[in-house]
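Following: one structure in structure tokens, then a few remarks.
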Amino acid sequence: MTVGAQARIALAVARKDAMAELRGRSAISSTLFFAALVLLLFGFALGPDAAHLAQAAPGLLWLAIVFAGLLAVARLHQLETDDGALEQLALYPVARRAIYLGKALAGFGAMLVLGALLVPLMGLLYAVDLLAAWPGLVAAVLLGTLGFAAVGTFYAGVTVRLRAREVMLPLLVLPVIAPLLLAAVKATSAALSGDPFGELGAWLQLLAAFDIVMLIVGAGTYGFLLEE
Amino acid sequence: MKIRILGIVALLTVAAATINALFVVPADLNQGDAQRIMYVHVPSAWLAYLSFGTTALAGIGWIWKRDRRFDHAALAAAEIGVMFTAFALWGGMMWGQPVWGTAWQWGDPRITTTALLLALYLGYLLLRRLTADPERRATRAAIVGLVAAVDIPIVHFSVEWWRGLHQTATFLAPDKVLNPAAPLPFVLTLLAMLGSFTIAWAYLMIRRYQLADAEWRGEEAARDASLAAARRRAVRPTISDAPSAPAGEVAR
């Protein structure tokens with residue numbers, strides 16, 4: 001199968017997921033609401049000292065993205081298994097990695113919506129100036145959410161058939177994405193502070209490396225999950 | 001019988017090496033007796049990495065050959081690895097308390113990496129426990145073990161960087177003792193501990209492997225028995241019920 005054909009399949013899978021998600025609007029808006037609520041509650045937990053909050057903002061932002069992201073990637077697989085569609089998907093005579101990449105792409109899309117909401121909200125709630133920092137911030141959000149979608153999609157596939165999936169998905173994902181969380185938070189705070197130590201590029205590279213490794217591993221192994 | 005001999009050898013060598021490390025070798029000048037923790041800490045950490053490497057390789061073996069022996073080895077190594085990881089973490093914290101003045105040191109990449117390692121493989125073991133079907137369990141575990149193994153270097157690297165880009169905290173790391181400048185008795189003691197722990201690891205691996213094999217066969221026997229019982233129950237009712245379709249089907 002050519003690269004172009006696989007890319008078309010991945011896009012088709014992603015479009016299908018996006019369509020299913022958008023037509024059942026309640027799920028995506030409740031995930032977004034949950035994420036916003038997490039940011040708000042962090043403010044209560046750590047406030048009201050504004051300087052303190054602004055300093056902690058990158059970490060809080062990424063924790064909110066991670067928590068809400070877990071819900072988002074779990075849903076993308078949940079939708080499939082609720083009516084046995086995952087078996088259908090597995091039966092298509094296409095490369096399994098294309099299916100994985102499609103689902104990861106859909107997860108990435110959902111994560112981007114999440115980021116687009118949470119970053120301005122962080123600026124608003126924690127009094128952080130976003131305008132000066134936007135190129136680094138956008139890069140950090142893009143790379144960080146991509147890596148999260150890659151790992152989250154993979155583990156959602158692992159846990160989707162388990163009875164205890166609500167607990168197992170975070171349990172498996174959180175230790176694996178620890179380096180991603182660390183690098184994303186560092187990159188975000190470097191971007192927000194004007195990168196005084198010149199470390200932004202290094203953290204973005206680490207994020208990119210994480211993304212590439214996890215996408216390759218996910219694409220290589222996801223097929224074995226569908227065979228079950 | 002041979003395995004029992006291996007077990008006895010492991011026990012004796014670990015005991016001898018421990019007595020040597022505790023009472024014979026002199027204490028470190030700077031750290032005092034706390035430094036002796038290193039003699040179990042470093043072998044534990046080594047066995048943790050050896051175990052998780054084995055789990056990853058055995059997982060690849062399962063995916064490749066679909067031979068259940070690979071899965072037994074993966075399970076055995078993961079469980080033993082978790083035990084030694086916890087042991088290494090505990091030893092590190094015990095050592096950190098007198099030497100660093102705190103049991104938990106965020107600036108030290110090893111302790112944070114080890115904590116994540118423990119979380120990664122506890123998740124692996126939990127996942128195994130939650131999957132009833134043996135073949136599915138083996139496949140899921142194999143790929144999760146593989147991802148965890150790929151993640152370990154990234155975790156270590158990122159945590160190292162996390163500290164390195166900000167402050168240069170140089171503590172006397174436990175494995176600095178392995179450098180050539182360390183006194184010879186210290187090095188020999190550590191090597192003896194490494195060797196004896198590795199023998200003990202081999203013994204534990206074999207025993208856990210045998211146990212996993214027995215568990216698998218037990219599961220298979222139980223499944224066959226319940227299947228046979230279900231068949232016996234199913235034979236008579238199907239003959240009498242055959243003409244009338246279930247109500248739900250008719251309504252459709």
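Bear in mind these aren't lab numbers, they're just calculated from the coordinates by the rules spelled out. Note that the coordinates shown come from a computational prediction; the quantities given were computed from them, not determined experimentally. Using ideal geometry, Cβ is built from the backbone for each residue, glycine included, and neighbour counts are taken over all protein chains shown.
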Across the alpha-carbon set of segment A:69-218, Rg over Rh with Rh taken as the Kirkwood radius works out to 1.02
With R₀ set to 60 angstrom, the calculated FRET efficiency between the beta-carbons of A:A202 and B:R4, to the nearest 0.05, is 0.65
Inter-chain Cβ neighbour average for residues A:155-164, partner chain, 10 Å: 4
Between rounded, prolate and oblate, where does chain B land on the alpha carbon gyration tensor, with a ≥ b ≥ c its root eigenvalues, rounded for a/c under 1.5, else prolate if a/b exceeds b/c? prolate
Please give the helix B:134-164 orientation as an angle from the longest Cα principal axis of chain B, in degrees from 0 to 90, rounded to the nearest 10. 30 degrees
If a/c stays under 1.5 just call it rounded; otherwise compare a/b with b/c (prolate if a/b is bigger, oblate if not). Do that for the protein assembly as shown, with a ≥ b ≥ c from the square roots of the Cα gyration tensor eigenvalues. oblate
Can you tell me the dipole magnitude for segment B:4-160 around its Cα centre, using point charges on the Cβ only (Lys, Arg +1; Asp, Glu -1), in Debye to the nearest 20? 640 debye
What's the average, rounded to a whole number, of partner chain beta-carbon atoms within 10 Å of each residue's beta-carbon in B:118-131? 4
For chain B, what does -39500 (n - 2.57) per DSSP helix run (n ≥ 4), summed and divided by total residues, give at 222 nm, in deg cm²/dmol to the nearest 500? -27500 deg cm²/dmol
Among B:224-234, A:103-113, B:150-160, A:196-206, the order from most to least packed when residues are scored by Cβ within 10 Å on average: A:103-113, B:150-160, A:196-206, B:224-234
Under 19 Å from a point 7 Å along the Cα-to-Cβ line of B:L188: which residues of segment B:26-67 have their amide N that close? B:26-29, B:36, B:39-40
Run the simple label-point estimate for B:K65 and B:R136 please: 7 Å along Cα→C-beta, distance reported in nm. 2.6 nm
Peptide A:211-218 - average C-beta neighbours from other chains (10 Å radius): 2
Which number do you get for Rg(Cα) / (2.2 N^0.38 Å) in segment B:1-67? 1.62
Based on the Kirkwood radius over alpha-carbon pairs, what value in µm²/s does the Stokes-Einstein equation return for the translational diffusion coefficient of segment A:1-158 at 4 °C and 1.567 mPa s? 78 µm²/s
Can you give the extra length, in nm with one decimal, that the chain gains between B:A225 and B:D33 once fully stretched, where that is 0.36 nm per residue apart less the Cα-Cα distance? 63.3 nm
